[in-house]
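*Asks:* Here it is, the structure, as structure tokens.
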Amino acid sequence: MKLKFAGTSQVGQVRRKNEDAILIKTSNQGALFLVADGIGGKEHGNLVSGMLRDRYNDWWDNRFIASNMNFQEAIPALKEVLFQVNREIVNDFGRFNAGSTLALLFLFQGHCLYLSSGDSRIYLARKLSLQQITVDDVYENLKHSPTEFQQSSKGKLVGAIGIRETPEFSIRTGTFKKRDRFLLCSDGAYRFLHPKNLRKYMLFPWRNPSQMVDTALSEIEKNGAKDNYSLIYICVDSL
């Protein structure tokens, strides 16, 4: 498997510190990508997103690379890291005092795993189609009747790592193909990218992934970049 990728995490034009964190880990057979966004308005957001980054980095370096686990064996191991971090956050900061979103992509043995919590996203471009793989954990996506919907709560985050003793997350598996393109991004990125332009950027045949990232960054900054923003763009060059 050969991948081309580029990623960045920026503080933006308004915030004083960056509460986002990214992780990029690759080998000849597999890859792990992560975007985490410390919850806005909560203390220690940068510490919590950094905990997710660091624990998954440790898992890759000290457990995955040194083992002979297959894809199916990696799934519970990746989930256990999430549970471990959730326990640490609750123990260190208490419930509802700190948290982070998570968008994680694991590629191995022709299979892909998507692990998400909160409103950071993963997109997949295949041929001429673009799909948002993850579903935002926000108020309007809760299973409730239309009469219960409060417009003032639209976009309100209702799930993240570390805010409850039992973490809420989504997990999905599939396969990937040559020329597939993935994008992991925090809400500070996609909220300042016009959907039509995001689609255009994802479907354009960039020679170098850094060109796509630089183009997206230019639009985000032009549109105000009021939040921290992070994105990782990945192209599957060969299997």
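*Asks:* Please work out which option in (1) 17.2, 53; (2) 18.5, 66; (3) 18.8, 54 gives Rg and Dmax of the Cα atoms in Å calculated from these coordinates, and answer with its label.
*Replies:* It is the one labelled (1).
*Asks:* Helix-only estimate, please: 222 nm mean residue ellipticity of the chain, summing -39500 (n - 2.57) across DSSP H runs of length 4 or more and dividing by its residues, to the nearest 500.
*Replies:* -8500 deg cm²/dmol
*Asks:* Taking 28 Å as the cut-off for C-alpha to C-alpha distance, list the pairs among K25/K196; K200/K222; K178/K226; K79/K222 that go past it.
*Replies:* On the way: K25/K196 30 Å; K200/K222 17 Å; K178/K226 36 Å; K79/K222 37 Å.
Beyond 28 Å between Cα atoms: K25/K196; K178/K226; K79/K222.
*Asks:* Suppose R0 equals 45 Å. What FRET efficiency, 1/(1 + (r/R0)^6) with r the Cβ-Cβ distance, do N141 and N68 give to the nearest 0.05?
*Replies:* According to the calculation, E is roughly 0.70.
*Asks:* Take the alpha carbon gyration tensor of the range 38-146, find the square roots of its eigenvalues, order them as a ≥ b ≥ c, and report rounded if a/c is under 1.5; if not, report prolate when a/b exceeds b/c, else oblate.
*Replies:* oblate
*Asks:* Subtract the Cα-Cα distance of N28 and N97 from 0.36 nm times their separation in residues, and report this length gain in nm to one decimal.
*Replies:* 20.9 nm
*Asks:* Sticking with the crude label model, points 7 Å out along Cα→Cβ, report the distance from K177 to R55 in nm, one decimal please.
*Replies:* With each label point 7 Å from Cα toward Cβ, the separation is 3.6 nm.
*Asks:* Measure off 7 Å from each Cα along the Cα-to-Cβ vector at Q132 and S210, then give the distance between these two points in nanometres to one decimal.
*Replies:* If labels sit at Q132 and S210, their model points lie 3.1 nm apart.
Read-outs: derived from the displayed coordinates by stated rules, not from any lab. The structure presented is a predicted model; accordingly, all values stated were derived computationally and were not measured. Because the Cβ atoms are built from the backbone with ideal geometry, glycine has one as well, and the counts that use them run over all protein chains shown.
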